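Structure, as structure tokens:
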Amino acid sequence: QVQLVESGGQSVQAGGSLRLSCAASGRTFSTNVMGWFRQAPGKERESVAAIRCGGVMIYYAESVKGRFTISRDNAKNTMYLQMNTLKPEDTAVYYCVASYKVAVTSRPGDYDYWGQGTQVTVSS
């Protein structure tokens, strides 16, 4: 089992920045791909970014390219999402996810573990 705990979510004004963190514990050596999903009220859960162990393969949703940066520190079992130039449409609960897959993926069903989520609210 792998446990994922997100932190860093808060309320910010448009144009601001936030860094989300995801601390992983348990059988972390068995996960290869980690990522972030988000879900806004009344909307479906969507993939934001994903990164493969070693950082060789990275995926970003078109809506966040150029503004968000995903990274991971395997020594600390921690993943990050640096979010810059935030927009009101970025408001959502952000979830940390982990998968046994060997390639980055944007499909929710490909992820084996999910955190509880952290709220990000961007006001205009």
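Assorted remarks:
- Accessible surface, per residue, of the chain when the full set of protein chains is kept, probe 1.4 Å, Å²: 51
- Residues of type aspartates and glutamates that Lys43 reaches as a straight line, Cα spacing below 14 Å, ignoring anything fewer than 8 places off in the same chain: Glu89, Asp90
- Over the stretch 23-124, relative contact order from alpha-carbon pairs under 8 Å, at least 6 apart, %: 31
- Solitary cysteines of the chain, where the nearest other Cys Cβ is not under 4.7 Å: Cys53
- Inter-part distance where the stretch 1-46 and the stretch 58-124 are each reduced to a Cα centre, Å: 5
- Percent accessible area from carbon and sulfur atoms, the chain, protein chains only, probe 1.4 Å: 48
- Contact order relative to length of the stretch 1-69, as percent, for alpha carbon pairs under 8 angstrom and 6 or more apart: 21
- Summarising the label geometry, the points placed 7 Å from Cα in the beta-carbon direction at Ile58 and Gln1 lie 3.3 nm from one another.
- Residues whose amide H comes within less than 5 Å of that of Val104, counting only those at least five positions distant or on another chain, are absent (H built at 1.01 Å from N in the peptide plane).
- For the chain, a simple Cβ point-charge model (Lys and Arg +1, Asp and Glu -1, everything else neutral) yields a dipole of about 180 debye relative to the Cα centre.
The values are calculated or read from the model by the stated rules, or taken from the named source; none is laboratory data. Every value quoted in this text rests on a predicted model; they were computed, and no experiment measured them. Using ideal geometry, Cβ is built from the backbone for each residue, glycine included, and neighbour counts are taken over all protein chains shown. To get the accessible areas, we keep the full protein, side chains included, count just its heavy atoms, and leave off ligands, DNA and RNA. Shrake-Rupley method; radii C 1.70, N 1.55, O 1.52, S 1.80 Å.
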